[in-house]
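Data first, discussion second: the structure below is written as structure tokens.
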Amino acid sequence: MGVANIFLQHTSAALTLNENCDPDVRTDMDMIMDRIAPDNAPYEHTDEGKDDMPAHVKSSLMGVSLNIPITNGKLALGTWQGIWLSEFRLATHRRRAIVTINGSTK
């Protein structure tokens, strides 16, 4: 028994748990996040492109870390749950996550 902490070292991507069976969920999540933080809003911070500030907003809303219980040596996810790394920038970026596991074997 224990817990895994997954931490993403970035401010324009996010980690979240969500339904991971039906691909329409990803499509709908992209749609709603784009409505909440559209690329074409009048942002002040545009140094890294028009998609940078909306990416920061989306990252802040979803978060960059997860704590997941470990039971019998496995992540104790629900039946339909999956871990998503949500990329909010349009260009390809290399992402780095740190995983820390705490617990006992008994």
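The values are calculated or read from the model by the stated rules, or taken from the named source; none is laboratory data. This one's a predicted model, so the numbers in the text were calculated from it and none came from an experiment. Neighbour counts run over all protein chains shown; Cβ positions are idealised from the backbone, glycine included. Accessible surface areas use protein heavy atoms only, side chains included; no ligands, DNA or RNA. Shrake-Rupley method; radii C 1.70, N 1.55, O 1.52, S 1.80 Å.
Label separation (residue 95 vs residue 70): 2.2 nm, computed from points 7 Å beyond Cα along the C-beta direction. PRE reach from residue 79 (point 7 Å along Cα→Cβ): which of region 1-36 fall under 15 Å by backbone N? In region 1-36, the label zone of residue 79 (backbone N under 15 Å from the point 7 Å along Cα→Cβ) covers 19-22.
Per residue, the solvent-accessible area of the chain (1.4 Å probe, heavy atoms of protein chains only, all protein chains present) comes to 68 Å².
Return the carbon/sulfur percentage of the accessible area of the chain, one whole number, probe 1.4 Å, all protein chains in place. Write down the numbers at each step before the final one.
Numbers: 3830 of 7220 Å².
Of the solvent-accessible surface of the chain, carbon and sulfur hold 53 percent.
Quick one: net charge around residue 8, please, counting Lys, Arg +1 and Asp, Glu -1 for every other residue with C-beta under 11 Å from its C-beta. The partial results should precede the final answer.
Details: positive: 95, 96; negative: 87.
Cβ neighbours under 11 Å give a net charge of +1.
A Cβ-based charge dipole, computed about the Cα centre of the chain with Lys and Arg at +1 and Asp and Glu at -1, lands at about 660 debye. Entry note, the chain: the mean residue ellipticity at 222 nm calculated from DSSP H runs of n ≥ 4, each adding -39500 (n - 2.57), is -7000 deg cm²/dmol after division by the residues and rounding to the nearest 500. Of the trypsin sites (Lys or Arg not before Pro) found in region 1-75, those that fall in a DSSP loop while having at most 15 other beta-carbon atoms within 10 Å are 50. For the Cα atoms of the chain, what angle does the longest principal axis make with the long axis of helix 52-62, in degrees from 0 to 90, nearest 10? Approximately 30 degrees, to the nearest 10. Can you list which of the GluC sites (Glu not before Pro) found in region 12-106 are DSSP loop residues with at most 16 other C-beta atoms within 10 Å? Of the GluC sites (Glu not before Pro), the ones in loops of region 12-106 whose Cβ has at most 16 other Cβ atoms within 10 Å are 44, 48.
Taking the longest Cα principal axis of the chain as reference, the axis of helix 24-36 is set at about 50 degrees.
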